[in-house]
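Notes for the one structure printed next.
The values are calculated or read from the model by the stated rules, or taken from the named source; none is laboratory data. Every value quoted in this text rests on a predicted model; they were computed, and no experiment measured them. FYI the Cβ positions are ideal-geometry reconstructions off the backbone, even for glycines, and counts take in every protein chain you see.
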Amino acid sequence: MDDRTDFGVPAGWYPDPWAPGGMRWWSGVDWTAYTSLPTGKQTDGWAVASLVTSLSGLGPVGVVLGFIARRRIGKDPERRTGKGLATGGIAAGFVTTGFLALFVALWANDVFEERNADDYSGTEQEIAQTIDRFEEEWDDDDGTTICNELFTEELASSYQGNCPSEWDDGFWVDMDVESIDVYGDTATVKANDTDVVDWTFDLSYVDGEWRICGLESN
């Protein structure tokens, strides 16, 4: 029906010429702005978005979209469908959110961080732990801990009072120990870092713990 040629057609709902599948009210003279949804149930777009978003890894957003979709469907059950999709989106959202929270917790506790000490045992493991801690404290800009707890007093004093500031530079390294040689109460460690810098650590066993008594890089 065309609004230019169909005058005399009784007023009523007719197929919308501008929105196939929908209905528009014909006043008997002209098309009006009144429309209705297409006949039959339509899958709610928010329900689809909920499931897709949750499966994409954005769990919290998918949960919110799912609840919105269920509310929309509940208000118009005769024309909207997709409650199952919305429920699936909510469930998937909670699952992905749980996995994300678990991953963040594990990452915060350095579960994914590779430690040199894991590759050794006995005395060598204790020495590797000292190197691992040196790496961690340097990453955290904690020069005070490095100088007071990881260096021997002689090495710390060799910086003439500037030891902490020497190791508070915010430099990030990933120290990879290549070899550990133990000679009684002394040891030598060969390692390299992320910048492919070679390191040599000399350690001494002092008061029941291994401390760094000398180091050089090249």
Exercise. R71 passes all but one of (1) surrounded by 14 or more Cβ atoms within 10 Å (Cβ to Cβ); (2) free of Cβ contacts under 8 Å to residues at least 24 places away in the same chain; which number fails?
Worked result: (1)
Exercise. Within region 168-214, how many residues turn out to be of a type outside the set (V, I, T), more than 18 Å from T123 (Cα to Cα) and in a loop (DSSP other than H, G, I, E, B)?
Worked result: 9
Problem set entry | Of all residues in region 116-134 being of a type in the set (A, V, I, L, M) and in contact with an Asp or Glu (Cβ under 8 Å, 6 or more places away or on another chain), the one that is modelled with the lowest pLDDT | A117
Exercise. If I73 passes every condition in (1) closer than 10 Å to I90 by Cα; (2) over 25 Å from the mean Cα position of the chain (by Cα) but one, which one does it miss?
Worked result: (1)
Problem set entry | Failed item, numbered, when T123 is tested on (1) surrounded by fewer than 17 Cβ atoms within 10 Å (Cβ to Cβ); (2) in contact (Cβ under 8 Å) with a residue 40 or more places away in the chain; (3) over 16 Å from E209 (Cα atoms) | (3)
